[in-house]
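Any read-out appearing in this document is the output of simple, stated calculations on the displayed coordinates, not a laboratory observation. As the structure is a prediction and not an experimental result, all values here were calculated from the model. Methodologically, a virtual Cβ is constructed for each residue, glycine included, from the backbone with ideal geometry; neighbour enumeration extends over all protein chains shown.
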Amino acid sequence: MNCFCGSNAPFENCCQPFIIGAKKPSTAEELMRSRYSAYATGAVEYIIKTTHPSTRKFHDAEYIEKWAQSSVWQKLEIVAKSGGAATDKKGTVEFKAYFTEANGEPQVHHEHSTFQKELGKWFFVAGKIFS
Ligand SMILES: [Zn+2]
């Protein structure tokens, strides 16, 4: 099965090792992709764990769980990115996540996310949502 993030690689060789903690994402984009796949598979704990501790309080696990599980995640599109390479400390990724709500309504979540690396680990810091 190809990975949820649309990489054309199998889930087991793409986002799953990050989600189960077998591997650490080396770029901001890898973290972003694995967080999308975590939404698609309902891995709420991973979404919380990869949110920077300074902004974690703004992200409610119950809300994330509800959103992750009441939606069918269709595809991820990376629109733009800056920094976020293995040698960087900061990066941004702009993406569109396509999903269908429980009522069948197709939706697009368009976000510009900021990422930060600390002690060799990438975290999601904050997102600006386009309406
Ligand atoms: Zn993936």
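So the values come out like this:
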quantity	calculated
Quotient of Cα Rg and 2.2 N^0.38 Å for the chain, N being how many residues it contains	0.98
Spatially proximal lysines relative to Lys23 (Cα-Cα < 26 Å; intrachain offsets below 8 disregarded)	Lys49, Lys57, Lys75, Lys81, Lys89, Lys90, Lys96, Lys117, Lys121
Computed over segment 11-130: relative contact order in percent, which uses C-alpha pairs under 8 Å that are six or more apart	24 percent
Residue order, fewest to most beta carbons within 10 Å, for Cys5, Cys14	Cys14, Cys5
Whole-Hz couplings from phi, Karplus 6.51/-1.76/1.60, listed for segment 115-131; x for Gly and Pro	10, 9, 9, 9, 6, x, 10, 7, 10, 7, 9, 7, x, 10, 9, 7, 9
Difference of contour (0.36 nm per residue) and Cα-Cα distance, Ala102 to Lys57	13.5 nm
Global form of segment 1-70, assessed from the alpha-carbon gyration tensor, a/c cut-off 1.5	oblate
Formal net charge of residues neighbouring Ser82 (Cβ-Cβ distance under 11 Å; K, R +1; D, E -1)	-1
Under 13 Å, Cβ to Cβ, from Thr51 - net charge with Lys/Arg +1 and Asp/Glu -1	+2
Förster radius 25 Å - calculated FRET efficiency between Asp88 and Ile20, Cβ distance, rounded to 0.05	0.50
Separation of the Val72 and Asn13 label points, Cα + 7 Å toward Cβ, nm	2.8 nm
Degrees between helix 28-41 axis and first principal axis of the chain (Cα, 0 to 90, nearest 10)	30 degrees
Interchain or long-range residues, amide H under 5 Å from Ser113's placed H	Val93, Glu94, Phe95, Lys128
